[in-house]
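Participant: What follows is a single structure, and I will ask about it in a moment.
The values are calculated or read from the model by the stated rules, or taken from the named source; none is laboratory data. Everything numeric in this text was worked out from a predicted model, so none of it was measured. Here the Cβ is made from the backbone with ideal geometry for all residues, glycine too, and neighbour counts use every protein chain on show. Just so you know, the surface numbers come from the protein's heavy atoms only, side chains and all, with ligands and any DNA or RNA stripped out. Shrake-Rupley method; radii C 1.70, N 1.55, O 1.52, S 1.80 Å.
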Number of protein chains: 2
Amino acid sequence: MALEHAILVSLLEKPGSGYELARRFERSIGYFWTATHQQIYRVLKRMESEGLLAVRELSQQSRPDKKEYSVVGPGRAVLSQWLHQSIQPESMRHELAVKIRGAAFDDPSVLIREVERHRQVHIDRLAHYQAGELRDFTGPAAPTPLDAGQELQHVVLRGGIAYERMTIAWLDDVLGTLRRLGTSPSPA
Amino acid sequence: MALEHAILVSLLEKPGSGYELARRFERSIGYFWTATHQQIYRVLKRMESEGLLAVRELSQQSRPDKKEYSVVGPGRAVLSQWLHQSIQPESMRHELAVKIRGAAFDDPSVLIREVERHRQVHIDRLAHYQAGELRDFTGPAAPTPLDAGQELQHVVLRGGIAYERMTIAWLDDVLGTLRRLGTSPSPA
DNA sequence: CTTGGCTATGCAACGAGTTGCATAGAAGGA
DNA sequence: TCCTTCTATGCAACTCGTTGCATAGCCAAG
């Protein structure tokens, strides 16, 4: 139930509606956890019925009403309890790696464009993360000193940056390998 | 349906039973995709009924019979088709990162032991991957030259090694941050 | 003026993945 | 002898996650 905990963290950082949460999951929280709006609405409803969250209905002019959720006592307790218990280290899941191994049974060069496309996505993400880092943590407009919450957000963001850099370097390695195999072909 | 494709790749590399596949998913294939035996048995059954796989029942002495699966024509075609269509780049899912951000709403130092434990798991995995690399690709017992399939397996393994190295370095960064916050505490 | 995009919420159906349990013979250690 | 582990397969129930669709008013561009 990691989505539940991710929602608790995000709502503690700032209360908001399901729609707003869905957008945060495309941005900062999305650096390390993803969710669609349908998933979020369903879980929010359940968490509210369990007493972990409180709702406020907000009328807005020229926009649909929204429901603003915030964490209440029991929700905080659930998060705290989760922080104190250990979780299993996850293994990575990389569909592209399955494809790369599968390329041995087809023409490896068909993957070159696909890998180049993925590489570009990771370059864009890296640029986006670095812009966020400059804006919120290391640039002149950033608060000094950072408080504990900001320090923790920053170290998570550094993880995202390290991940993207590592991935780009690996995809370069993959491209080199695919091109090398393409020049002296031997499809199985 | 990435599991289906991962199974096709694994069975093309070498035919085997559901049990054997489950163990491969704890080893080499598991570097980038995971699955439990229940999932594997269910999908194997479905794939066989769809004509992607063939089964051979093998009697063994002093062991239960097993069903050896292998890929047949339509299965190869499904894999080839999948290789030619593009997939979405995945974002990372890291539960520990959720915890780290959540630590801002509790005592950050409670996470230190947890992060140290994860760090050790990644160190062990790295050692395991490096041993495999030496055994299969770079050591004296490795075949030279490597064929295309081995080159592709090697580049995927290099990705796993890069991932573990990056993760260990990041967890060191996280530990430094948590310890720094612990000495001058400010729980929210 | 119509089309498409943005805010905002939600249902229904399906597929993916996890957890607990069950069976069953053989081998090996306490 | 009993207990555990390993090989080998599988069912049932559940939660998690995705995809398609629906509603509905507002705004901006063509």
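Participant: If only one of A:GLY102, A:GLY75, A:GLY51 is more than 30 Å from B:THR34 (Cβ to Cβ), assigned to a helix (DSSP H, G or I) and either of a type in the set (Asp, Glu) or touching a helix residue (DSSP H, G or I) at 6+ places or on another chain (Cβ under 6 Å) (or both), which one is it?
Facilitator: Details: A:GLY102 fails: more than 30 Å from B:THR34 (Cβ to Cβ); A:GLY51 fails: assigned to a helix (DSSP H, G or I).
Going through A:GLY102, A:GLY75, A:GLY51 in turn, the sole match is A:GLY75.
Participant: Then there is this: Picking from B:VAL121, B:VAL115, B:VAL78, which residue would you name as being in contact with a Leu (Cβ under 7 Å, 6 or more places away or on another chain) and at pLDDT below 95?
Facilitator: Details: B:VAL121 fails: in contact with a Leu (Cβ under 7 Å, 6 or more places away or on another chain); B:VAL115 fails: at pLDDT below 95.
Residue meeting the stated conditions: B:VAL78.
Participant: Among all residue pairs at least 6 apart or on different chains, which show Cβ distances below 6 Å where the first residue, located in the stretch B:34-59, is hydroxyl-bearing (Ser, Thr, Tyr) and the second is open to solvent by less than 90 Å² (accessible area, probe 1.4 Å) and part of a helix (DSSP H, G or I)?
Facilitator: Matching pairs, first to second residue: B:TYR41/B:GLY18.
Participant: I want to confirm something. Restricting to the stretch A:41-97 and keeping residues that are within 11 Å of DNA strand C (Cβ to nearest atom) and closer than 30 Å to B:LEU126 by Cβ, which single residue is most open to solvent (accessible area, probe 1.4 Å)? Write out each step before concluding.
Facilitator: Let us first name the residues in the stretch A:41-97 that are within 11 Å of DNA strand C (Cβ to nearest atom), namely A:41-46, A:48, A:55-69, A:87-88, A:90-91, A:93, A:95.
Still in the running and closer than 30 Å to B:LEU126 by Cβ: A:87-88, A:90-91, A:93, A:95.
Values: A:ILE87: 18, A:GLN88: 153, A:GLU90: 53, A:SER91: 50, A:ARG93: 106, A:GLU95: 36 Å².
Ranking the candidates gives A:GLN88 first.
Participant: Give me a count of the residues in the stretch A:19-62 that are among the β-branched types (Val, Ile, Thr), near DNA strand D (Cβ under 9 Å from one of its atoms) and within 12 Å of chain B (Cβ to nearest Cβ).
Facilitator: Count: 1.
Participant: Let me ask another. B:ARG27: outside the structural domain of B:ARG165 (by TED's automatic domain parsing), within 24 Å of the chain's Cα centre (by Cα), at negative phi and not aliphatic (A, V, I, L, M), yes or no? Working first, answer last.
Facilitator: Details: outside the structural domain of B:ARG165 (by TED's automatic domain parsing): yes; within 24 Å of the chain's Cα centre (by Cα): yes; at negative phi: yes; not aliphatic (A, V, I, L, M): yes.
The answer is yes for B:ARG27.
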